[in-house]
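Okay, structure first, notes after.
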Amino acid sequence: MILRFLEKNKKYAVYLPLIIYWLALLTATSIPSSSMPRISYSDKTMHFLAYGGLGFLLTLAFLVQGKFPELRGYAVLAAITVAALYGALDEFHQSFIPGRNAEMLDWIADFIGSIMGAYLCLGVLKIRVKPVEE
């Protein structure tokens with residue numbers, strides 16, 4: 001029922017939030033560390049949560065899109081792949097931002113967060129992953 005609503009209203013209910021979220025994520029990672037507010041959570045927790053949100057929204061976008069129907073069956077894998085690749089690019093990008101650096105552990109937190117976000121999306125929508133048949 002929720003999925004049908006999202007499919008009918010995907011431009012405003014799915015794609016727009018994804019675009020806004022992704023732009024906010026890019027903006028936040030482009031700010032020099034000296035200009036960032038101090039947050040009491042660990043850096044890895046922030047990466048995990050940020051990419052959890054991205055994984056969730058990407059999974060949702062892949063589930064409701066209609067242009068590539070075969071992609072819907074691989075929404076989780078596609079979302080995790082896109083988020084992981086973006087996380088790697090973002091870590092590289094941060095190496096050029098004053099006071100920031102690229103860390104493999106940050107990317108691992110991004111990757112794990114995207115996995116959790118993708119599966120959380122399925123859980124919220126109560127969608128089960130079908131086993132691959134040989």
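Taking every DSSP helix (H) stretch of at least 4 residues in the chain, weighting each as -39,500 (n - 2.57) and dividing the sum by the residue count yields a mean residue ellipticity at 222 nm of -21500 deg cm²/dmol. Go through segment 58-105 and name the trypsin sites (Lys or Arg not before Pro) that are in a DSSP coil and have 13 or fewer other Cβ atoms within 10 Å of their Cβ. Those that pass, being in a loop and sparsely packed, are K67. Given the choices [x] 64, 35, 27; [y] 46, 35, 26; [z] 50, 37, 28, Cα extents along the principal axes in Å derived from the coordinates of this structure is entry [y]. Computed from phi, the 3J(HN,Hα) profile of segment 115-124 under the Karplus parametrisation 6.51, -1.76, 1.60 (θ = phi - 60°) reads 4, 5, x, 5, 6, 5, 4, 4, x, 5 Hz, with x in place of Gly and Pro.
Just to confirm the number: angle between the C-alpha axis of helix 43-64 and the first principal axis of the chain, 0 to 90 degrees, nearest 10? Once rounded, the angle reads 30 degrees. Rounded to whole Hz and in sequence order, give me ³J(HN,Hα) for segment 27-32 from the Karplus expression 6.51 cos²θ - 1.76 cosθ + 1.60, θ = phi - 60°, writing x for Gly and Pro. In residue order, the calculated couplings are 4, 4, 7, 9, 7, x Hz.
Within a Cβ distance under 9 Å of E91, other residues only, what is the Lys/Arg minus Asp/Glu net charge?
Numbers: positive: none; negative: D90, E103, D106, D110.
Residues close to E91 contribute a combined charge of -4.
Every number here is computed from the coordinates shown, using simple stated rules; none is lab data. Every value quoted in this text rests on a predicted model; they were computed, and no experiment measured them. Positions of Cβ are generated from backbone atoms using ideal geometry, with glycine treated the same way; all protein chains shown enter the neighbour counts.
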